[in-house]
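A.B. asks: Next up is a structure, given as structure tokens.
The values are calculated or read from the model by the stated rules, or taken from the named source; none is laboratory data. These numbers come from a predicted model, not from an experiment. Every residue, glycine among them, receives a Cβ derived from its backbone with ideal geometry; neighbour counts consider all protein chains shown.
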Amino acid sequence: MELGFVGLGKMGMNMVIRLQRDGHRVVVYDRATELIAQAESQGCIGAASLADLVAKLSPPRAVWIMVPSGAPTEETVRAVAAQLQAGDIVVDGGNTNFHDDVRRAAELKPRGIHYIDAGTSGGVWGLQLGYCLMIGGEEAPVQRLAPVFQTLAPERGWARVGGHGAGHYVKMVHNGIEYSMMQGYAEGFELLSKSEYKLDLGQIAELWMHGSVIRSWLLELAAGVLKEDPRLQQLRGYVQDSGEGRWMVEDALEKAVPVPALSAALFTRFRSRQEESFTEKMLAALRRAFGGHAVRQ
């Protein structure tokens, strides 16, 4: 089928290539003209602007937005919607707060424009392996785009999980679980790295992939990383977060649901960005004050 696509970053580019390879007509736009040219070299149709992209699509149109979360997504949804008409569909495939999905759907409804939120997981491996798609929105427009979802996802890898916002809500919880799993692996491998046995961490990660109860794709990735750089000497321990973990903690607070593993993982990421922790300085100062313990200047 035909699809407009805005945003040709690491995931977006792989997604349009996957779509084009399966025979879809994909019209693309990005502020970086070199990325448009790269997509064109893969068979996609480039557009010079959002207006040009919409003009190259036949009604009823569908435009997938895959740009950074927050203001860039908000601005792009508004700009694209301004070019559309009743019966058209806007898909937000980025990392968006589900509350924003509910608001946007309500804003577009009087104009007859459908809004779909598509939580997308798969990272840079999606071109090869496909993307898990968690879809929120009304049944009819979702089913209209089923051929697109089927191309992007592996077998049984997409589903409509509920109404507006449900897709990004499920993706938010998915990412919270991901934070916790990554933290568990990270702590375990640190302990292994300090063992007196001089363990081969890559070998152990690979071993655990065969029959153990903690096998997963993340562990498979860990095995690859540790074989290339067994002591991770090429990296700094600086870990960003893309927002979903924070939103999940906020939602858990509202619902009084305990999420201690996620909270610890999220706060550990915050600590990783500090060159020097005031908290730990305060701990050292208090130990010196009440017990005369030595401190490092």
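A.B. asks: Output the residue which, of all residues in segment 250-283 that are without any contact (Cβ under 8 Å) to a residue 60 or more places away in the chain and among the aliphatic types (A, V, I, L, M), is nearest to ASN97 (Cα to Cα).
C.D. replies: ALA252
A.B. asks: From the list ARG18, ARG31, pick out the single residue that is in the same structural domain as ASP92 (by TED's automatic domain parsing), basic (Lys, Arg) and under 20 Å from ALA79 (Cβ atoms).
C.D. replies: Working: ARG18 fails: under 20 Å from ALA79 (Cβ atoms).
The match here is ARG31.
A.B. asks: Something else about it: Those residues that are in a helix (DSSP H, G or I), out of contact with any Phe, Trp or Tyr (no Cβ under 6 Å at 6 or more places or on another chain) and within 22 Å of GLN150 (Cα to Cα), I need them from segment 3-47; list them, please.
C.D. replies: Those that are in a helix (DSSP H, G or I), out of contact with any Phe, Trp or Tyr (no Cβ under 6 Å at 6 or more places or on another chain) and within 22 Å of GLN150 (Cα to Cα): LYS10, MET11, GLY12, MET13, ASN14, MET15, ILE17, ARG18, LEU19, GLN20, ARG21, ALA39.
A.B. asks: Moving on to the next point. Checking VAL239 against (1) loosely packed, with under 11 Cβ neighbours inside 10 Å; (2) under 25 Å from SER69 (Cβ atoms); (3) of a type in the set (Val, Ile, Thr), which test does it fail?
C.D. replies: (1)
A.B. asks: Moving to a separate point now. I'd like the full set of residues that are under 30 Å from GLN203 (Cα atoms) and either in contact with a Cys (Cβ under 8 Å, 6 or more places away or on another chain) or not in a loop (DSSP other than H, G, I, E, B) (or both), limited to segment 221-262.
C.D. replies: Passing the criteria: LEU221, ALA222, ALA223, GLY224, VAL225, LEU226, LYS227, GLU228, ALA261, LEU262.
A.B. asks: Quickly run through segment 65-86 and pick out the residues that are of a type in the set (Ser, Thr, Tyr) and under 16 Å from the mean Cα position of the chain (by Cα).
C.D. replies: Here is the first cut: in segment 65-86, the residues of a type in the set (Ser, Thr, Tyr) are 69, 73, 76.
Selection gives SER69, THR73.
A.B. asks: Let me ask something else. Select, from SER263, SER277, the only residue that is under 19 Å from the mean Cα position of the chain (by Cα) and not charged (D, E, K, R). Lay out the reasoning, then the answer.
C.D. replies: On the way: SER277 fails: under 19 Å from the mean Cα position of the chain (by Cα).
Unique residue meeting the criteria: SER263.
Let's see how each residue does on (1) outside the structural domain of VAL148 (by TED's automatic domain parsing); (2) surrounded by 19 or more Cβ atoms within 10 Å (Cβ to Cβ); (3) over 19 Å from VAL102 (Cα atoms); (4) of a type outside the set (D, E, K, R):
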residue	(1), (2), (3), (4)
ASN14	no, yes, yes, yes
CYS44	no, yes, yes, yes
ALA48	no, no, yes, yes
ALA55	no, no, yes, yes
ARG61	no, yes, yes, no
THR73	no, yes, no, yes
GLN85	no, no, yes, yes
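A.B. asks: Anything in segment 74-127 that is over 21 Å from LEU57 (Cα atoms) and touching a Ser or Thr at 6+ places or on another chain (Cβ under 7 Å)? List them, or say none.
C.D. replies: Of everything in segment 74-127, those that are over 21 Å from LEU57 (Cα atoms) and touching a Ser or Thr at 6+ places or on another chain (Cβ under 7 Å) turn out to be GLY94, ASN95, THR96.
A.B. asks: What is the number of the single condition among (1) assigned to a helix (DSSP H, G or I); (2) without any contact (Cβ under 8 Å) to a residue 60 or more places away in the chain that VAL161 does not meet?
C.D. replies: That leaves (1) as the condition not met.
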